[in-house]
Each structure stands twice: as C-alpha cells, then as structure tokens.
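What follows is a set of notes on a single structure, which appears directly below.
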Number of protein chains: 4
Amino acid sequence: MKAARLHKYNEPLRIEQVPDPVITDPSDVIVKIGGAGVCHTDLHLIEGVWAETLGTELPYIIGHENAGWVYQIGSAVTNFKVGDPVIVHPVMSCGKCLNCRAGEDMHCPNLTFPGLTVDGGYAEYLKTTERALIPLPNNVNPADVAPFADAGITAYRAVRKAAPLAKPGTTVLMIGMGGLGHIGVQVMRELGNADIIALDRNKDRLNMALDLGAVHAVEANDKAISQVRSLTAGQGVDIIIDFVGTDQTHADSLEMLRKGGTYYVVGYGGTVKVPSLNLINNEISIVGSLVGNYNELYQLMELHARGKVKLHSAKYSIDEANAVLKLLHEGKINGRGVLVP
Amino acid sequence: MKAARLHKYNEPLRIEQVPDPVITDPSDVIVKIGGAGVCHTDLHLIEGVWAETLGTELPYIIGHENAGWVYQIGSAVTNFKVGDPVIVHPVMSCGKCLNCRAGEDMHCPNLTFPGLTVDGGYAEYLKTTERALIPLPNNVNPADVAPFADAGITAYRAVRKAAPLAKPGTTVLMIGMGGLGHIGVQVMRELGNADIIALDRNKDRLNMALDLGAVHAVEANDKAISQVRSLTAGQGVDIIIDFVGTDQTHADSLEMLRKGGTYYVVGYGGTVKVPSLNLINNEISIVGSLVGNYNELYQLMELHARGKVKLHSAKYSIDEANAVLKLLHEGKINGRGVLVP
Amino acid sequence: MKAARLHKYNEPLRIEQVPDPVITDPSDVIVKIGGAGVCHTDLHLIEGVWAETLGTELPYIIGHENAGWVYQIGSAVTNFKVGDPVIVHPVMSCGKCLNCRAGEDMHCPNLTFPGLTVDGGYAEYLKTTERALIPLPNNVNPADVAPFADAGITAYRAVRKAAPLAKPGTTVLMIGMGGLGHIGVQVMRELGNADIIALDRNKDRLNMALDLGAVHAVEANDKAISQVRSLTAGQGVDIIIDFVGTDQTHADSLEMLRKGGTYYVVGYGGTVKVPSLNLINNEISIVGSLVGNYNELYQLMELHARGKVKLHSAKYSIDEANAVLKLLHEGKINGRGVLVP
Amino acid sequence: MKAARLHKYNEPLRIEQVPDPVITDPSDVIVKIGGAGVCHTDLHLIEGVWAETLGTELPYIIGHENAGWVYQIGSAVTNFKVGDPVIVHPVMSCGKCLNCRAGEDMHCPNLTFPGLTVDGGYAEYLKTTERALIPLPNNVNPADVAPFADAGITAYRAVRKAAPLAKPGTTVLMIGMGGLGHIGVQVMRELGNADIIALDRNKDRLNMALDLGAVHAVEANDKAISQVRSLTAGQGVDIIIDFVGTDQTHADSLEMLRKGGTYYVVGYGGTVKVPSLNLINNEISIVGSLVGNYNELYQLMELHARGKVKLHSAKYSIDEANAVLKLLHEGKINGRGVLVP
Ligand SMILES: [Zn+2]
Ligand SMILES: [Zn+2]
Ligand SMILES: [Zn+2]
Ligand SMILES: [Zn+2]
Ligand SMILES: [Zn+2]
Ligand SMILES: [Zn+2]
Ligand SMILES: [Zn+2]
Ligand SMILES: [Zn+2]
Ligand SMILES: [Zn+2]
Ligand SMILES: [Zn+2]
C-alpha cells in the first residue's frame, strides 16, 4: 500500500509503497483509511520531541486521527463486519487492567498507540483492535470526521471535565481557536453554561469562534489580560481551557483566573510557574487533560450526529502530506487538514 | 483586658492592657477566650509577609485559632446564650453572597478575619459573629480544641477534597507531620482508604504519624524520593498532600506523583514549576486548599467528639506568647501550642 | 392594601383591604409586588390539602411566586435599596443552620414560607427577608418573571439534578408540559445533552415543547408507553422527570425506564409502587425534588437574562384571582397566570 | 467432576458426576474451585423465582460466589497462569459495550452469569473468563474469601454509593446483619463516617454488628421505629441500607428516614410504596443497588488484604449442599456457608 513514513527526524516523510498490515491477534481489525487528520503532534513526532519518551523504531507510518471502513477482521471480532464505516479511537487499550475497567483507556499500562508507537494512518490501511472502533452512521463520510478521533476527543475531555463548573453566570476563557479550540468552543456551548470568551491572535479564528458559540472574542496581544479582567468586572474568569500551552499562555492564565477558579491545560510546550501562596490564597486548581477515552469519543460522535458540533476541515491527497504539515506549522490551516489516500 | 498586640513588624508582640471589645452589630458575639492556637501564619504576620496583601493597621491583636465561652450576645443572636462553650470558625462571612450561599465561607468577598484583618484571640475576649460559632460539648475544654479552628479545618478540607480519590488499594503521601500534618493523617485515616506514607525530617514526628494511622514513614532526606517510589512499585503515589510548601517539597512531589495523580498544596512559600508536557502526558492535577468552611469545622468536631481525631497540644500563658512563637519558628513545638489567657 | 385572602377551605379567596406588612426584624424587607404567579399549590392550599401539615391559621394571604420592587428595608439590610427590582426566593431561611450553610434553603428547620405559612404575594406588598432577594436587571418587568420564583426553580432543580446523567446519546422523558414542564424542557435543553421526549395530553403543549427543545412529542394515551419504548429501541429512557405525579404517571414511568435509569419525581398526588426486585435487578433510582435553593434561582435568572429560558405567561388583575385559579384547575392556563396588583 | 445440579425446581440438588468444563474461547479460564458461597439467591433459584426471568435450561450447576486456582487457560489469556489463586467476579462481561467501557459490568447487555445462566461453582471446576479474575495473595485460602465474590461486592457497592453522604455527624441505619449485612457494617465503618445503627431480629447478630463497627443495635420488633427515631433526636436517619427487602422493611424504612435522606435497597422480595408527596416534601431518594463491578471487588479485596473486612464463614463439603441450603433457609447460618469440593 501507499504510506507516508518517517525515516529520519526533521526530514520530510517519504511517500512510498509498504506491505499491507496483517491480522495477528484474534481481536485485530484492518481499517481501510477514509481520512487521517494532520495534527500538531505529527509535527512534534517529526521534530523528534517524542523520540526519547516513546523510543519508536524508525521508519514508521505516522497518523493517529483515523476513520474509514472495516476491511478485515480477526476471528474474535463480534461487533463489526467488513464494510462498516468507523472512526478509530487513537489507542489500543487492553480492556483488562484496572484503568481500562474504570473506562480510562489513556491510562492503560499496556496501550499501543498507532501513529506514535506503531504504524498509523497516513496510509491506505491501518491495523487496530475491535475495542478502538466506533460505528459511523452510513451517511457520514469518514474523511469528514477523522480529526474527531484525536483533536475532537482531546477538546471534548477537557471541556467535559470543566463542564460541571460552567454554571449559568460563570465565565470560561478558551485559549487558541485552532484545530482543538474551534471544536472546544462548540462542545462548551453544548455541555456547559458559562459565557465563553475566545482568545486567539487571528481575527478570522475569533470570528469563527463567535459564530460557534463564544460570547466575547479577545485578540491575543498585550491588552488581552486587562480586557479579560474587565469583561469579568475585574474578578477574572472561573475557568480557563488552554489549547496552546506556551510559557506565555501559562503565565497569562494565572493572571486572569478568578479566586476559586480552575485552569485546564491541554496544549503543551511551556512551563507553569505558580507560587504556592497563589495556589492557596486564591484556592485555584491546575488540571492536565490527556486525549480522551472511548466513551468520550462516542459521546462526541453523538453530538456530531445531531449537528451540534461541526468540524472545519480541508482534504488533501496523501502525496501532499509534507506540504500540509508545512502549512500547519506556519499556522495556515484553519480547522483541520485531512489526508485522503 | 490583657492582649498580645503586634505594634511593629519583626518585633516581639507587646503584652498589654487594651479596651474590651464591644458589640456593635446585632449579630455580634463576644467570646471569652479559653485558648488561642499559635500558628505559622502568626509568624508570617509578625514578619510582615501579609502586610501588603492585608493592609491591616497596626497595632492589632493577632490569633485566629480560638475557642472559649460566649460572653455577650447581640440582639439578633438566637442560637447561643451566655456561657455556652464554643469553637470559633476563623472568619466572619456575610451569609448573603453567592459563595456563602454555596457554603464557601472563605470565598466570601465581604469577610472579616479576626487575627488577620481585625483584632484576634491572643487576648481575654474576642469579637466575632454568631455565624462563626460551633457549640462544644460541655465536657470539652475549649483550650484543648482551639487549634482545630484553623490548623484543624485546613487539614480537614484538604483531606476531604482528596478522600474520594483515596480508594482501597491507592497510596497517599502526606508531607510534614507538624501541627496540620498530625491532624491530617488522622483525618485521612477516617475519611479515606489509601495507604498513608508520612514524610518528615523529624523521627519523633514520623513515629507519632505511625501511631496515628500512617502505614509507612519516610525521612525527608535525599533518599526520600526513591524510597517513596519503591514503596509504590516504582509508580509513584496516587495522592500527595503537602503541608509544607517549599520549593523542594513542590519539586519532589512532582517526582513522586503517579500518572493520573493529584497534588494538594496546603503549605506555602515556594513556587510550583511544572512543564505542561508533564501535566498533560501524566494527566496530573495540582489543587490548592484554603482553610475550610463552617460545615467542615462542624464535621471535624464531630470526629473529635467520637475520639477519632486527637490534638497534640501544650498550653502556655498569654504572657509567654513571644516565647512560644520562637519555639514554633525553631521547629520545637510538637503538635500545637495554645495560649490561655 | 388590597389582598386576596383565604378565609375558609374550599371557598373563594376574598379580595379585601388588609393592613400593610411592617418591618419587625432588622433583616426584613417589604417588597412592592409586581406580579404573583398562580400555582397548583395554591389550588391545593385552598382545598385544604396542606392544612394539617402546615397548620397555618386562617385567614391569610396566599401567593408564593413573587417579584417586584424593594419598598422598605430593615436596619441590617445592606445589599438592596428602595426601588431595586427583585425576584423573591419563596422561603425565608435562617442562614445559620447546617442545611443553610450547605446551601440547602428548603431543608432549613427554621424556614418561613410566605404564601404557605405566613402572608404571601396575592397582595400589594409582601414581607420577606434580604436573604430571599435576587436583583433583577432594570429592563426586566418583575411581573414577567414572577413564576420563576417557584415554578421555575422547581423545574430547574430537578433538571439540574438530572443533568449529569443527560450525556450525549441518552434520552430523557419529561412528563407534563404545563407551567413547570415548559420551563423544564428549556432548562434540560440548556443544562443537559439528552434527547428530550415530551409527554402531555394536550397537542398544543406538545407543539410548544417541540419549539422549546424537545426532539419527540408523545401524546399521553394508551399507546404512550409503547411509543416511548420504540423511540428508544425497546430499551426505555435513561431519565424521566415527572412534573405530574399521579398514580398513572408513576406506574407508567416504571414501565418506560431503562436498566440503570433514574426517575425524578416533581409533581405529586399519587403513590409510587415498585417491587424491590425491579429496583435491584434494573438498578434504578427514584429521586424526589423539592423547589430549589437560592443559588439555583440565581442561575435560572442568569439563563433568563441570556434569553435561554422563556416564560409563557398571561397577566391578570388581583381582582381576578378566583377566576384564574378556576382556569388553572380546568387545565385552561398555558404556561403560567400572573396576578398584578 | 463432582457437582451439585438443579434438575427440578423445589427439589434438592443432585450431587453427581458431570463432564469437566472445557475451554472454547481464547479468553476462557477454567478455575479449580476452592470454595463456593451459599447464597439466598441460590434458594431463590431452586424455588424457581428466577425461572421466567432467566429461562436457564435445567439441569445446571448453581453457585456464583467462587474462588479457587487457575486450572487451564485459553490462548488469549495473558495476565494469569495455571496455579494462580483467584477470586471470580460473578459475571462474564463483554468488555466492549458502552457499559463495560464505563466500568459497569452488571449492565453489560452481553453478560453471562455462571451459576445463574450457565454452570456455576457448586462443583470441582468452573468455566469463566480472564476478565472475571482477581488475583489473591498467596497466603489467602480461596475458600475463606469466596463469598466476597457476590455477597461481598453487593454489600460493598451499596455502601460505596452511600459513603459520600455518610459524613461525620450523620447516621446510617443498616437493616439485616446476615451474610451481606455483616460485611456491609465493616465496609461502612471503613468507607463512611456516619454513626451506624444495626437492625436485626437476632441478638447474636446484633452483638456481632457492634463488634464490627455499629454504634447502636436495635432489635427488629414493634418498638424499632420509635427507637431509631429517638436515637436521632426524632429526625430519622440520613441513610438506610436495607439488606432484607420485605414489605415490612420497605414500609418501616420510609418511617425512619430523615428529610433529605436516601434509602438504598439491596435485599428484595417486597414492594416499596411511597406517596409522591412524601418523596417531594421530604426530598428523599430510593436507590437500587445490583451486585458490583470488577473494580469494586478489587477494592474490597484490598480492604480484606489489610485486615479491614473479615468474613464470618463456615466450610462444608459439597455433598452437604442441600443441608447447608436448608440451614440458610431457616436462618441458622451466621455469616456465610461455603462449599468446598
Ligand atoms: Zn492529534
Ligand atoms: Zn488496560
Ligand atoms: Zn492558623
Ligand atoms: Zn517564617
Ligand atoms: Zn459572603
Ligand atoms: Zn408554585
Ligand atoms: Zn386540585
Ligand atoms: Zn437554616
Ligand atoms: Zn450470592
Ligand atoms: Zn459489555
């Protein structure tokens, strides 16, 4: 099959022919890829940021935001048949450990992460496991929803954690209106009742955010902090969800959070520095959020099926993988780019 | 009356005669002090750490861990009569704002904090409000429980927040076995089901912690991190409650926390520094905890009434206030010192 | 002032002149009534259903869904001034007991309930307490929102309890689309993410429910149970909120509830009969819900201020009180009737 | 192998030779039985109470409270090896449905229940699945813990649901101090902080309850209701956990429940009848509880491993199965009877 493989860090992916994946475990499923989302994590993988942490052997196929059709099934697969349209939860969790039994797939000590630790979806076919599959309605084109598999549930889980605090009369600041953020705003509009303030450098994205449910839009410049504070009568916001995660967004967030507030961190790269006197005297919380579990992806797809969450995306051929990654790096992708084999 | 007043930062308190407090509001109550706990916050007040934040005019009487007997009541007081033994919640909250209505006294925007923002309890009498009082059983000597009013609920609230995570089979690390910590261990034993690891520099305190419910005791030296990790099969602990709050306890805590874990910060002074990659990849939370509310103090006193939480304390005359503060600063008080007028 | 008083059970109210209420406690407030909602509970009061439970001495003024303007304030009132538009939480809670301190006004053992236990709002003036008042925006006419004070928060609290279960992909059945139900549907649309099935005898109300957020409308006849089951693939609904509460809605609800489901009871009059084998084998819960607390009314008014919850109401003169009550009893009021002095 | 099979309802089990179970699915495990608890549900199965609901074909082997050693494993089993001591979660859940993914094994639509729907553990060997197994420490004799597999987790889950309400200062009434109840009292002592009132007809059981953590013991006679009310200053208890479930315990419970209280139903047989006026005016909840999930059994075994929950049991030969069932029916078993092959 054709695939885009990472051979060397900081070099372009090679578009090349590789053997098709084969079923080796009775619960394996081969998915014919309909679309694979192009993600900031793919940039980080190519840059080698994850090299030491993951230790994945090169070359391998990246791509962890996958949807398509069931192509082959192992002997123990009972809930899917060949041809079924599916979206693929990004990890293969074991289903037997205490974390899996509590629903927390991302905390499975035995997990396999196609596109990060084994071959992923920048290809014609992907090997995953039955437990990772969620059926799609027949009228949904897998390429149109593929980014929900990671960008979508990552936004969903962070918002789902914050939603019980987002009572009527509260305010939430959402930082970064890109791939994750534009989904996050919609999910917050659906799951929560806080007034949404969107923050981004880009006016087009802010306008999109206003269309999608934000009540206020604030440009990310040196007046942003005072603007956010004045939108909240000087008190700061009850909730922040940070899809960016730089030193600056971390520092600014702590300036904009209200007494008793909670800061959800989704984007990463910077360092959060907070005096414990601030943590205590303002009784704030800082909460990391990691991708999302199977049931969260299921719930997100239910919202999508009801037209409650829309994805802004553009399709590209797999041969354009390197070009799309470049556009993403330059901040020129609005919403999400999707590779179609 | 006799009182110990702060006249100048970084100078000893003056033990002197001052006018008795008088009732000015129909809901005011004058409490005859039975005992006033001596707290690290008192040291910080004298050092001027809070000077700018609070802006309290000098001189004033410090002391915020108070218990005694009702001495005078305002015309609107209905639930207490003169002579009733009481413990005094440390703040006078308004009872009318949204935070008070949600039970969160410490977040009341209208609060008065005797001993910090107005005259406190290093004295013969204290002015507070009916809403701050919790009745004591007749067989309890107020001086024996006074430190519960702040040290106690501060430990209680942090543990109460952590308790839902402290399921059987989990592990909690509790840092600092002093005034707060020795109460915290007991409250965790009662409210939670995690195995408790106590951490302190002082062997006597560690032995006390083992008596009070800790399962393991670890000396705070350069082997502590590896010891804690080896007690948890290399995984780290599910929960940390840090009653110390220095740069070192903050940094070490992040090394000892398990994937998915939560770090509760109670002590303060240092700065927490955490890369957002760690926050996210390990999906950890960092949670500040501030004193405690009225109902939390009530619950703590119910535990105490059943013999489930004991306070290690020693009584001193109010004339010894400066001497006791010095002992506390030198780490020579085990449990809590209490001033008796 | 003019008022409508209950002199004898099962007789019309007498519209008559009575003395104005006067301030007796420093926290008292006299509200000039802008509107008073007419409620099924008023019918029950007149019928004597509550006579024994409440033991209120006749004659007295009924009316517990009140809004208006602050007219006089006691000496301890700090947050309101004469002329402020307000909606009145239905009970005067003490603010000092453990239940009040936990935010649960309705569980205050010291509560006074104007319109039930003392004079209410079918009058020109009402005596209540500062703690019962929520400020209204200046552009809101109190008569337009008065029914939120009871019908509104009663619906709000039940939905607020159910909302965490109303995840995307679940289904909620809401029984009775009258005064409470038509608010409840809107609140569920805002707070939850379940598909809403509305059930009522009346087609106009069902159409209104579809306009307000219901996805399916089912007429309350002998096919209703099978229709609801077929809308849920034979499984039954995850959540039921019953605003009617007759023997029939109770029995039917237990037939329509899914394994693991929860049945919220808001309307009353019938008896719930459930074999414990059903409770256990289907692991269902049955949850009563009583009015709502101050913060819930605040949150509802925040939703209203954002145009997220609308009230269908019609205004009548206080002289028409008995006529409006008759219309209500005959099921001829859509939404809510409001008396304006 | 030797097994006790149900051939006809309301007749004694036949102790006979049957073929050993064989592995048919790659995730199957054959467990050599160390002990099988004898349960009220076994009586109900023999009486045919479940015949229609389950439709299990006769004859089959009953017994659903099993522990032993791994004897044979299927090809996909990875976490256990032959000889490992294990306790067996009572159901084989699919691990793939939304309920399994949320941790709720008992709500799996694809579950198999050995001892109820297929052959169980009154035998030398049992077929189950890897996902049902929890490893035991080597120093634990499986026969000593077998009843935890059902009686234990059923008590554990009900208490675990109630524990967040069991704050210091509250009171819980636990009805029935038999097999489930004597475990429930200990679990409540560990997980909750309410004062425990034990209720039973039998004085020996009440004394055992007092030993295990109850604070008060009340004999189940016509003075019980007034005794419980007087133990709670006439207010009733905050929580009831009913391990009996007759018409009488249901009716009495509603008389003893405090305003705002919750009634957990675990035992079954009677009918709960509650006027909706009571549900609402007292804002009470009635909550069914069904067995327990895998992680709950894991947590219970962690408590047991720390000596925090003890099981009162007596061992019998499998040949005595019918005699033990008779003793149970006559109320002559204290704690739990366990059959050892
Ligand atoms: Zn991604
Ligand atoms: Zn796993
Ligand atoms: Zn203190
Ligand atoms: Zn110092
Ligand atoms: Zn306040
Ligand atoms: Zn009403
Ligand atoms: Zn009627
Ligand atoms: Zn009260
Ligand atoms: Zn059983
Ligand atoms: Zn399942």
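A short reminder: the numbers here are calculations on the coordinates, not readings from a lab. Here the structure is a predicted model, which is why all the values come from computation and not from measurement. In this analysis, Cβ positions are derived from the backbone assuming ideal geometry, glycine residues included, and neighbour counts consider all displayed protein chains.
Tabulated data for the structure shown
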item	result
Nearest residue to the symmetry axis between B and D, taken on chain B by its Cβ, in whole Å	B:Pro164, 4
Gyration tensor verdict on the protein assembly as shown (Cα atoms; rounded if a/c is under 1.5, prolate if a/b is larger than b/c, oblate otherwise)	rounded
Cβ crowding within 10 Å averaged over residues, with B:183-195, B:143-155 ranked highest first	B:143-155, B:183-195
Net +/- balance of residues flanking A:Gly95 in space, Cβ distance below 11 Å, scoring K and R +1, D and E -1	+3
For residues of B:64-76, the mean tally of beta carbons on other chains within 10 Å	0
DSSP-defined antiparallel bridges as percent of all bridges, the protein assembly as shown, nearest 5	55
Rounded to 5, percent antiparallel among DSSP beta bridges of chain A	50
Exercise: per-residue mean of other protein chain Cβ atoms within 10 Å, A:162-171	4
Built amide H within the under 5 Å cut-off of B:Leu136, gap 5+	B:Val86, B:Ile87
Region D:154-288 shape via C-alpha gyration tensor axes, a/c threshold 1.5	rounded
Cα→Cβ-extended label distance, 7 Å offset, between D:Val215 and A:Cys97, nm	4.1
Degrees separating the helix A:294-305 axis from the principal Cα axis of chain A, which is the longest one	80
On Cα atoms only, tilt of C:203-212 relative to the major axis of chain C in degrees	80
Principal-axis tilt of helix B:179-191 within chain B, Cα atoms, nearest 10 degrees	70
Neighbour-limited loop hits for trypsin sites (Lys or Arg not before Pro), region D:208-314 (at most 16 other Cβ within 10 Å; DSSP other than H, G, I, E, B)	D:Lys223, D:Arg306, D:Lys308, D:Lys310
DSSP beta bridge pairing in region C:154-288, given as percent antiparallel to the nearest 5	0
Residues whose placed amide H lies under 5 Å from that of B:Asp195, excluding near-sequence neighbours	B:Gly169, B:Thr170, B:Thr171, B:Val172
Rounded if a/c under 1.5, otherwise prolate or oblate - chain C, Cα gyration tensor axes	prolate
Shortest-first nm distances, C:Gly74 label point to equivalent points in other copies (7 Å, Cα→Cβ)	1.2, 7.1, 7.1
Under Karplus coefficients 6.51, -1.76 and 1.60, residue-wise ³J(HN,Hα) of region C:57-73 in Hz, glycine/proline x	6, 8, x, 8, 8, 8, x, 10, 10, 10, 8, x, 10, 5, 10, 8, 10
Vicinal HN-Hα couplings computed from phi for region D:221-230 (Karplus, 6.51 cos²θ - 1.76 cosθ + 1.60; Hz; Gly/Pro x)	9, 6, 9, 4, 4, 5, 5, 5, 5, 6
Anchor C:Lys308: aspartates and glutamates whose Cα lies under 14 Å away (excluding residues fewer than 8 positions away in-chain)	A:Glu190, A:Asp195, C:Glu190, C:Asp211
Electrostatic dipole magnitude of region B:1-150 [Cβ: Lys, Arg +1; Asp, Glu -1; Cα centre; debye, to 20]	280
Computed over chain B: relative contact order in percent, which uses C-alpha pairs under 8 Å that are six or more apart	19
Long-range amide H partners of A:Thr271 with built H, under 5 Å	A:Asp247, B:Ser276
Per-residue ³J(HN,Hα) for region A:236-247, Karplus 6.51 cos²θ - 1.76 cosθ + 1.60, θ = phi - 60°, Hz, x for Gly and Pro	x, 8, 6, 9, 10, 10, 10, 8, 9, x, 9, 3
Charge sum, other residues only, whose C-beta stays under 12 Å from A:Gly63's C-beta, Lys/Arg counted +1 and Asp/Glu -1	-4
Ranking of D:Val82, C:Val118, B:Val218 by count of other Cβ atoms within 10 Å, fewest first	D:Val82, C:Val118, B:Val218
Within straight-line cross-link reach of B:Lys81, lysines at Cα separation under 22 Å, skipping those fewer than 8 residues along the same chain	B:Lys32, B:Lys127, C:Lys96
Teacher prompt: B:Lys203 distances to equivalent labels in other copies, 7 Å Cα→Cβ, nm	5.3, 7.1, 8.9
Across the identical copies, how the A:Asn281 labels are spaced - nm, sorted shortest first, 7 Å along Cα→Cβ	3.4, 5.2, 6.2
